[in-house]
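S.K.: Right, I'll just put the structure down here and ask away after.
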Amino acid sequence: MRQARFPAVDGLRVIAALAVLVSQVGLHTHAPLAGVVSRLDVGWAIFCALSGFLLYRPHVLAWFSATEPPLTLPYLRSRALRILPALLIAVVLSVVFVPHPATTYLRWAALTPLPFYLLLPGLGRLLTGYERPTRRSVRWRLLVLVALTALGPVWMAAVMATGHPGAALWLPGYLGWYAVGMGMALWQVSRATGRLGPSTLDTLTRVPGTQWGIAAALLLIAATPIAGPYGHSVPTPAQALVKSLLYTVAVACVLFPVLTPTAGTVRILGGRTARLAAKLSYGVVAYQFVVLGLLHGPFAVQLPVTLLGAALMAAVSYRFVERPIAKKSAAPKTESKATKPSSSAAL
């Protein structure tokens, strides 16, 4: 089975980037509808799930076709070249122009998916080895990934209960969001190859509005005090657990319809504009911190200025730094197609 492209993923990635930007502007200002605005940080969770899906799927394809899994060193090299240029530029610009303490830059680095990228080769081999991909073995691995989704909420509650809120940025806190995407990668390939039969999930893919409506409802619930404070205040263990759990389910509802999208979904999320914007989405997320550090003013002013400034910086960075590096460092054409990512939308 060859790699496939998922056009609607591009639009979802753009939505995630915009959600993150709006939530960050809200943290810096007195935003209207503060609860809803703050919970748009669910964009981080969407990014994690997308990366889990797109980067784990080649391991599943290799398992099902009895071929070698993606090579670790080329994979790590491609991830580093995708993430580090914009991140390092943003950190340097911030150190020079933005008066934040040094710990802020470490926090930014911790929010990147680098820890997961380092873990994925071993985790991919662990979950796709030792036996043939039968229906039973697929279901067992799906159960393992479902269990991993519970790790995030439990971890968040534990670190708050023990008085270590900084540990919320460690990998266990958001590994469950990656597991959502990984589980959907396994389900999608299993359904496409006949390892799993039709189920209710197939019906759900044909009614994306229902799932997106559920996701919106969950975020509205999260916007209440049940999911904790809206700013940087430390939540209670129960609030941290509820917020992480709501985000996990909401992300699953958002991501699932784009895997086998309807024509309408592709038209909205997979058009030319979405493809172009998706190329800049990571840069927008990285450079927004630089722009925000230089701004003062109300939410209505900071939001458009931050979006425009970050988009311009992302476009320049992509055109003159990220794309040239990617071209010069492109893998040889003889590389097996089965090891290449299915989309550029992984963060």
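S.K.: On a 0 to 90° scale, report how tilted helix 8-28 is relative to the longest principal axis of the chain, with both axes built from alpha carbons and the result rounded to the nearest 10.
M.R.: The angle comes out near 30 degrees.
S.K.: So, taking all protein chains as they sit and a 1.4 Å probe, how much accessible area belongs to Trp170, in Å² rounded to tens?
M.R.: About 150 Å², rounded to the nearest 10.
S.K.: Would you be so kind as to identify which of Pro165, Pro115, Val60 lies farthest towards the positive end of the dipole of the chain, taking Lys and Arg as +1 and Asp and Glu as -1 on Cβ and the Cα centre as origin?
M.R.: Towards the positive end, the residue furthest out is Val60.
S.K.: Continuing with the same structure: Using just the alpha carbons, could you tell me how many Å³ per residue the convex hull of the chain encloses?
M.R.: Spread over its residues, the Cα hull of the chain gives 136 Å³ apiece.
S.K.: Starting from 0.36 nm per residue, how many nanometres of slack lie between Ile226 and Val249 once their C-alpha separation is accounted for?
M.R.: Stretched out fully, the Ile226 to Val249 stretch lengthens by 6.7 nm.
S.K.: Mind checking which of Met156, Leu84, Val25 is farthest towards the positive end of the chain's charge dipole, using Cβ charges of +1 (Lys, Arg) and -1 (Asp, Glu) about the Cα centre?
M.R.: Looking along the dipole axis, the top candidate is Leu84.
S.K.: Moving on. Could you give me the ³J(HN,Hα) list for the stretch 266-271, computed from phi with Karplus coefficients 6.51, -1.76, 1.60 and θ = phi - 60°, whole Hz, x at Gly and Pro?
M.R.: 5, 5, 7, 9, x, x
S.K.: Let me ask you something else. Calculate, axis by axis, the spread of Cα positions in the stretch 238-288 along the three principal axes, and write the results as whole Å, longest axis first.
M.R.: Cα spread of the stretch 238-288 along its principal axes, largest to smallest: 43, 33, 12 Å.
S.K.: At 7 Å along the Cα-to-beta-carbon direction for both Arg319 and Thr72, put a label point, then send me their distance in nm to one decimal.
M.R.: Label-label distance for Arg319 and Thr72, simple model: 4.0 nm.
S.K.: To continue, here is another question. What angle, in degrees between 0 and 90 and rounded to the nearest 10, separates the Cα long axis of helix 42-64 from the longest principal axis of the Cα atoms of the chain?
M.R.: Computed tilt is about 20 degrees.
S.K.: In what order, largest first, do Arg135, Arg206, Arg267 sit by accessible area if the probe radius is 1.4 Å?
M.R.: Largest to smallest exposure gives the sequence Arg267, Arg206, Arg135.
S.K.: Taking the chain as a Gaussian network, where each spring joins two C-alpha atoms under 10 Å apart, which residue of Val284, Val146, Val25 fluctuates the most?
M.R.: Val146
S.K.: Quick check: pseudo-label points 7 Å beyond the Cα along Cα→Cβ at Ala263 and Thr236, how many nm apart are they?
M.R.: 5.2
S.K.: Also, quick follow-up: What is the angle, in °, between the Cα long axis of helix 151-161 and the longest principal axis of the Cα atoms in the chain? Nearest 10 is fine, range 0 to 90.
M.R.: 30
The values are calculated or read from the model by the stated rules, or taken from the named source; none is laboratory data. Only a predicted model underlies this, so the values are computations on that prediction, with no experimental measurement involved. Methodologically, a virtual Cβ is constructed for each residue, glycine included, from the backbone with ideal geometry; neighbour enumeration extends over all protein chains shown. The area values use the complete protein model at the heavy-atom level, side chains included, leaving out ligands, DNA and RNA. Shrake-Rupley method; radii C 1.70, N 1.55, O 1.52, S 1.80 Å.
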